[in-house]
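The values are calculated or read from the model by the stated rules, or taken from the named source; none is laboratory data. All of these numbers come straight from a predicted model, not from anything done at the bench. Don't worry about glycine lacking a Cβ; one is built from the backbone with ideal geometry, like all the others, and counts go over all protein chains shown.
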Amino acid sequence: MLTTKYLGLALGAALLAAPFAASAQEAPAGFNQCKACHVIGKNGVGPNLAGVFGRKSGTVDGFKYSDAMKAGPTWDEANLTKYLTDPKGTVPGNKMVFAGIKKPEDLAAVVAYLKVVK
């Protein structure tokens, strides 16, 4: 009886933790360079990226954007791909100091991830 009780508690804890573990594992390796400044679910050095796909640039509450980013694009696949390849060239005057994702496979994986992260 005692074993069943603990087994039930362990199973319940595992089920509760599963969505969080799955979310963390979904991020592709190419996203590791983004995590230095961006956090999914809250603002960090960079703005929260949850729900970025389809959102107008420069609009996350509580983040201080450059005027350039406030006037920037709406984030769709083409704009994210272009921006993540060359942030300064795509939105001149933005504050991001990242030079861009160089490997095409990493770029495609990060854009695909940003499409679904909520």
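A compact table of results
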{"quantity": "Residue that is surrounded by the most Cβ atoms within 10 Å (Cβ to Cβ), among those in the range 82-113 that are part of a loop (DSSP other than H, G, I, E, B) and in contact (Cβ under 8 Å) with a residue 60 or more places away in the chain", "calculated": "Ile101"}
{"quantity": "Residue match in the range 53-70 (condition: within 17 Å of the chain's Cα centre (by Cα), at pLDDT 95 or above, surrounded by 15 or more Cβ atoms within 10 Å (Cβ to Cβ) and within 16 Å of Ala109 (Cα to Cα))", "calculated": "yes"}
{"quantity": "Test result for Lys115, closer than 19 Å to Gly41 by Cα, of a type in the set (D, E, K, R) and out of contact with any Gly (no Cβ under 7 Å at 6 or more places or on another chain)", "calculated": "yes"}
{"quantity": "Residue count for the range 26-36, restricted to those that are more than 19 Å from Lys82 (Cα to Cα) and crowded, with 16+ Cβ neighbours inside 10 Å", "calculated": "1"}
{"quantity": "Filter result (basic (Lys, Arg) and assigned to a loop (DSSP other than H, G, I, E, B)) within the range 50-81", "calculated": "Arg55, Lys64"}
